[in-house]
Structure formats: C-alpha cells, structure tokens
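The values are calculated or read from the model by the stated rules, or taken from the named source; none is laboratory data. Quick caveat: nothing in here was measured; it's all calculated off a predicted structure. No Cβ is skipped: glycine too gets one built from the backbone with ideal geometry, and neighbour counts run over all protein chains shown. Quick note on the areas: whole protein, heavy atoms, side chains included, nothing else; ligands and nucleic acids left out. Shrake-Rupley method; radii C 1.70, N 1.55, O 1.52, S 1.80 Å.
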Amino acid sequence: MKHLLLSLGVLLAAGIALGQPEAYRLRVLAWSCKAFPRGVLVQGMVLNTGSRPISDLRANVRVVGPGLRIATHSAPLADRNLMPGERAFFEVRVPTPFAGLNRCELWFRNPRLVRIPALIPTPR
C-alpha cells in the first residue's frame, strides 16, 4: 500500500510538472502580413528572451486564403545565431496560388525544435 501511494504521488507530481506552460523563448516585437499579386509578404522583428543562444532559427508562415486554401513557406533569419537579448529582422515571402488573404499564422523553429515557444501578437 505504501509503494502504491508513493507511485501515485510520483505520477501526480510528474503530471503537474508536465502540465506547466513552457516559458517563452522568443517574443515578436512587431510584424506585418501583406498580400501582393501571387503572394504574401511577412516581415517583423523578434527578440530572444531566453537565457541561451538559438541557432539556425527559421520563421515559418501559414497563409489561409479564401475557401480555407492554405500556402506555407519558411525562411532563415539573417542572424541565424540569436543571442539572449538580441533582436533580429525576419522576412518570409509566401507564394500563393490564390488571390486574397484571410489570415496569417507565424511561428519559429530550428533543427532541434519543431516549434520554439514564442509570444506573438496579432499582425499590424
């Protein structure tokens, strides 16, 4: 019985720890999403709020158009090794086979993390 209670306590503690939200490692200071003929241009500025450098950083964009048609693309940041406290400009051109724009979604990744936790405001 003692071992069962101990095991349940360990599982509960692990579950609570896993349920904690991740700290944001990036914060987008500003960004825009603008349609142009046959595509969308996304530009902005991102800040490394973490305590470690982030290398091989890429900005990823998903564009949702009329009828929920989707186009995606990514591009590396010019400063591919973003040190803590550093800002970097990003730009992604997304070719689209459709005209119009309903929504842009932005996230960041590198070869080690599929999606780096980031605080991203709505685009201007």
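Numbers below:
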{"item": "Close pairs (7 angstrom Cβ cut-off, 6 or more residues apart or separate chains): within 12 Å of ALA59 (Cα to Cα) and in contact (Cβ under 8 Å) with a residue 40 or more places away in the chain in segment 106-120, open to solvent by less than 80 Å² (accessible area, probe 1.4 Å) and of a type in the set (Gly, Ala, Ser) anywhere", "result": "LEU106/ALA59; TRP107/ALA118; PHE108/ALA59; PHE108/ALA118; ASN110/SER55"}
{"item": "Condition check for VAL92: open to solvent by less than 90 Å² (accessible area, probe 1.4 Å) and touching a His at 6+ places or on another chain (Cβ under 7 Å)", "result": "yes"}
